[in-house]
Amino acid sequence: MSHVEGLPLTRGVPQRADTRLRIRRQGRWLLGLLVPAGAALAWELAVRAGLANGRLMPPPSVLGATLLDLAQGGDLALHIRATLARMAAGFALGVLAGTALGVLTGTFAGVRAALDPTLQALRAIPSIAWVPLFILWFGIFEASKIMLIAVGVAFPVYLGTLGAIRTVDRRIVEVGRSFRLGRLALARRILFPAVLPHYVVALRSGLGLGWMFVVAAEFMGASEGLGYLLVDGQQLGKPAQILAAILVFALLGKLTDTLLVAAAAPFLRWQDVAQDVVPGEPPRRREPC
Amino acid sequence: MLSLRHVGKTYPNGAEALAGVTLEVAPGEILAIVGGSGCGKSTLLRLVAGLEGASAGRIALDGVPLAGPHPAIGIVFQEPRLLPWLTVAGNIGFGLTHLSRPAREARIAAALARIGLPDYGGRWPRELSGGQAQRVALARALVVEPRVLLLDEPFSALDAFIREDLQGHLLALWSDTRPTLVLVTHDIEEALVLADRVVVMQPKPGRITQVLTIDLPRPRARTGADLLHLKQQVLGLLRHARPAAAKANAYAASPAA
């Protein structure tokens, strides 16, 4: 509480409430860290004390050493670069296709009637099922991997974009119409900002699926990439390498998602439920009177 | 002059929302439309706003038939319908994009001051109370200086105290440029306090039962004897509107003031 008391009194009550909220938010963040950190520590101690054999599930210290080893040899950077490059190309392609299809079907009822059933049917195919076909079509090198990632990304982006456009509040569109906005102005000034929050969510789920598919893609005969580290670790019996790659996947996934959210944040400041609200906390509503 | 000639609206499902509505509204006049739910009063407003097309008849402004939304006709809805991604100032300036930035900002500042929210330009709509949001919606519609302003039950979602306050605000704003106001309401008192004429409508199909001229000086006391007498008259019209339409003609158009 000394943080609160240390504030200049002139800042007023709402500021103080903000501060308290921030402290509580940090508290929760630490609380969330407690479980994984505690588990890691317990495992480390258990292996050191000889209570557990750490061969198949290496303790954090071994994991750290493996990561350091990979990083120092320059291998880690090479594999991360390879994975990121595939991911970037596949994600961009998937987002482009998903968005274009979503906008077309969301805007034109005729296009929707024609395309949506087919797209929904294609979506129902487990995407891994495409792998053999993609290898036949695009070869075993980069093209087939990027295509697989793109397919994984495109569907959630398509669904999210279509859904967002279809659920734009008719009443808000009427405001635009009453100001005589043309089709393009209506899209730019009303539809685009109205759709944006849902679109960002669609991009995020696309990104998540992209990370899933990059692993699947790298299982099909990659010679570099984090997925290769996984396969290599299994074949040569190096569980620490597998765990290290998993850890890097987790970090990269979280990092890219955070970057996406941060990039969108300036455009979504108006939203009632901001990201800075603690999960489960009702959104604050100021009532100036 | 806003004029409607034998205007009808039949929806694709066969429901006849409006039939044979003929009405003239003079420049600067305040016209209120009252009636029970389903009498087509909101439909009438949406036709004039150009948000829907009439299936019969003709709607014209100064003799020019309307086809779609018209730049000189503004509308305020029951809900403020502010765009949540624009600040209060951005919302008020929504229809002013043709102006230069300084001109637009001057108009917005003047409008904010006029509705009594001079420091609210930078706020988000979610930070406003219901009454404040509706005032911003009024400013957004009026800042483009329409010749006709349509209001679709603009105060019905607000509590009584704020409603009276906003009715006063509306009259003040109206007196600035004196646009024609067409106010749809189910609040008879609101209609009588504000309007020069009150149109009483009845449903199935929506049509005009009676047009009453309210020849009382403003500001009008809500509890004045004349007003209460008129209120009884309108209530009577609305009660009789249901079973037999023809009866309504038996009532005098003008009250014995």
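The values are calculated or read from the model by the stated rules, or taken from the named source; none is laboratory data. Here the structure is a predicted model, which means the values were calculated and not measured. For neighbour counting, all protein chains shown are included, and Cβ atoms are generated from backbone atoms with ideal geometry for every residue, glycine included. Side chains included, ligands, DNA and RNA excluded: accessible areas come from the protein's heavy atoms. Shrake-Rupley method; radii C 1.70, N 1.55, O 1.52, S 1.80 Å.
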Exercise. Around B:ASP215, what is the net charge, scoring Lys/Arg as +1 and Asp/Glu as -1 over all other residues with Cβ under 12 Å from its Cβ?
Worked result: +1
For this session: With a 1.4 Å probe and every protein chain left in place, tell me how much accessible area A:PHE192 has, in Å² to the nearest 10.
Result: 120
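Taking Cα atoms of chain B, Rg/Rh with Kirkwood Rh, to two decimals? Don't skip to the answer; put the middle values down first.
On the way: Rg = 18.5 Å, Rh = 19.0 Å.
Taking Rh as the inverse mean 1/r over Cα pairs, Rg/Rh reads 0.98.
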Exercise. Amide H to amide H, which residues 5 or more places from B:GLY20 or on other chains are under 5 Å from it, using H placed in the peptide plane?
Worked result: B:VAL7, B:GLY8
Seminar exercise, completed: Longest principal axis of chain B (C-alpha) makes with the long axis of helix B:160-177 (C-alpha) an angle, in degrees to the nearest 10, of 80
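From the C-alpha gyration tensor of the range A:186-229, pull out the three semi-axes of the equivalent ellipsoid (sqrt of 5λ each), sorted largest to smallest, in whole Å. List each step's numbers first, then the result.
Details: eigenvalues 258, 14, 8 Å².
Over the Cα atoms of the range A:186-229, the ellipsoid semi-axes are 36, 8, 6 Å.
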Exercise. Short version: ³J(HN,Hα) in whole Hz for each residue of the range B:184-195, in order, from phi by Karplus 6.51 cos²θ - 1.76 cosθ + 1.60 (θ = phi - 60°), x for Gly and Pro, what are they?
Worked result: 8, 8, 10, 9, 4, 4, 4, 4, 6, 6, 9, 8
Exercise. Gaussian network model of chain B, Cα springs within a sub-10 Å range: biggest mean-square fluctuation belongs to which of B:GLY224, B:GLY121, B:GLY206?
Worked result: B:GLY224
Problem set entry | Calculated from backbone phi, Karplus (6.51, -1.76, 1.60) coupling profile of the range B:39-52 in Hz, x at Gly/Pro | 8, x, 5, 6, 4, 4, 5, 5, 5, 5, 6, x, 7, 9
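Below 8 Å between Cα atoms, with a sequence gap of 6+, how large is the relative contact order for the range B:2-250 in percent?
Values: 471 pairs, mean separation 65.6, N = 249.
With pairs under 8 Å counted, the relative contact order is 26 percent.
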For this session: Tell me what chain B gives for mean residue ellipticity at 222 nm when only DSSP H runs of n ≥ 4 count, each as -39,500 (n - 2.57), the sum divided by the residue total, rounded to 500 deg cm²/dmol.
Result: -10000 deg cm²/dmol
For this session: Give the long-range amide H neighbours of B:ILE33: residues separated by 5 or more places, or on another chain, with amide H under 5 Å away, using H modelled in the peptide plane at 1.01 Å from N.
Result: B:LEU183, B:VAL184, B:THR185, B:VAL199
Seminar exercise, completed: Using alpha carbon centers only, the range A:166-242 is separated from the range B:195-243 by a whole-angstrom value of 57
Problem set entry | chain A: relative contact order in percent, alpha carbon pairs under 8 Å with at least 6 residues between | 21
Exercise. Can you give the Kirkwood hydrodynamic radius for the range B:87-126, in Å, rounded to one decimal and based on Cα pairs?
Worked result: 10.0
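Using C-alpha positions alone, give me the convex hull volume of the range A:49-110 per residue in cubic angstrom. Write down the numbers at each step before the final one.
Details: hull volume 8.9 nm³, N = 62.
Roughly 144 Å³ of hull volume per residue.
How large is Rg/Rh for the range B:97-186, to two decimals, with Cα atoms and a Kirkwood Rh? Walk me through the numbers on the way to the answer.
Details: Rg = 13.2 Å, Rh = 13.8 Å.
Computed over Cα atoms, the ratio is 0.96.
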Problem set entry | Space enclosed by the convex hull of the alpha-carbon atoms of the range B:168-246, per residue, Å³ | 95
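Given a cut-off of 25 Å, what percent of all Cα-Cα pairs of the range B:40-170 lie beyond it? Don't skip to the answer; put the middle values down first.
Working: 2413 of 8515 pairs.
Summing the P(r) of the range B:40-170 above 25 Å gives 28 percent of all pairs.
Determine the shielding of peptide B:74-86 by partner chains: average, over its residues, the number of Cβ atoms on other chains within 10 angstrom of each Cβ. Intermediate results must be reported in sequence, preceding the final value.
Numbers: counts 2, 5, 1, 4, 1, 2, 1, 7, 2, 8, 8, 12, 3.
Shielding by partners across B:74-86 averages 4.
How large is the Rg to Rh ratio of the protein assembly as shown when both quantities use alpha carbon positions and Rh follows Kirkwood? Can you show the working numbers first?
Details: Rg = 32.3 Å, Rh = 28.7 Å.
Here the Rg-to-Rh quotient is 1.13.
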Exercise. Just how many % of Cα pairs in chain A lie over 35 Å apart, if you round to the nearest whole percent?
Worked result: 39
Exercise. Could the peptides A:97-103, A:38-44, B:192-198 be put in order, highest first, of the mean number of other beta-carbon atoms found within 10 Å of their residues?
Worked result: B:192-198, A:97-103, A:38-44
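Which whole-number value in Å³ per residue fits the convex hull of the alpha carbons of the range B:49-123? Working shown, then result.
Details: hull volume 10.1 nm³, N = 75.
Hull volume over Cα atoms, normalised by residue count, gives 135 Å³.
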For this session: Collect residues whose amide H, placed 1.01 Å from N in the peptide plane, falls under 5 Å from the amide H of A:ALA52; neighbours closer than 5 in sequence don't count.
Result: A:VAL47
Problem set entry | q = 0.09 Å⁻¹: log10 I(q)/I(0) that the Debye formula gives for the range A:51-175, counting C-alpha atoms only | -0.45
For this session: List the pair-distance distribution P(r) of the range A:137-262, using every Cα-Cα distance, as the percent of pairs falling in each 10 Å bin from 0 up to the bin containing the longest distance, rounded to whole percents.
Result: 12, 29, 25, 16, 11, 5, 1
Exercise. Based on the Kirkwood radius over alpha-carbon pairs, what value in µm²/s does the Stokes-Einstein equation return for the translational diffusion coefficient of the range B:143-193 at 37 °C and 0.692 mPa s?
Worked result: 286
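What is the mean number of Cβ atoms from other protein chains located within 10 Å of the Cβ atom of each residue in peptide A:167-178, rounded to a whole number? Walk me through the numbers before you get to the answer.
Working: counts 0, 0, 2, 0, 4, 5, 2, 7, 12, 3, 6, 15.
Taking all residues of A:167-178 together, the mean is 5.
With both partners inside the protein assembly as shown, how many of the DSSP beta bridges are antiparallel, as a percent to the nearest 5? All intermediate terms of the calculation are to be shown ahead of the outcome.
Values: 19 of 37 bridges.
In the protein assembly as shown, DSSP labels about 50 percent of beta bridges as antiparallel.
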Exercise. Which whole-Hz ³J(HN,Hα) couplings does the range A:256-267 yield from phi under the Karplus relation 6.51 cos²θ - 1.76 cosθ + 1.60, θ = phi - 60°, glycine and proline marked x?
Worked result: 5, 5, 5, 4, 4, 4, 5, 5, 7, 3, x, 8
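Can you order the peptides A:195-208, B:19-32, A:119-132, A:151-164 by their average number of other Cβ atoms within 10 Å per residue, highest first? Mind dumping the intermediate values first?
Working: A:195-208: 19.8, B:19-32: 18.0, A:119-132: 13.2, A:151-164: 24.5.
For the peptides A:195-208, B:19-32, A:119-132, A:151-164, the packing ranking is A:151-164, A:195-208, B:19-32, A:119-132.
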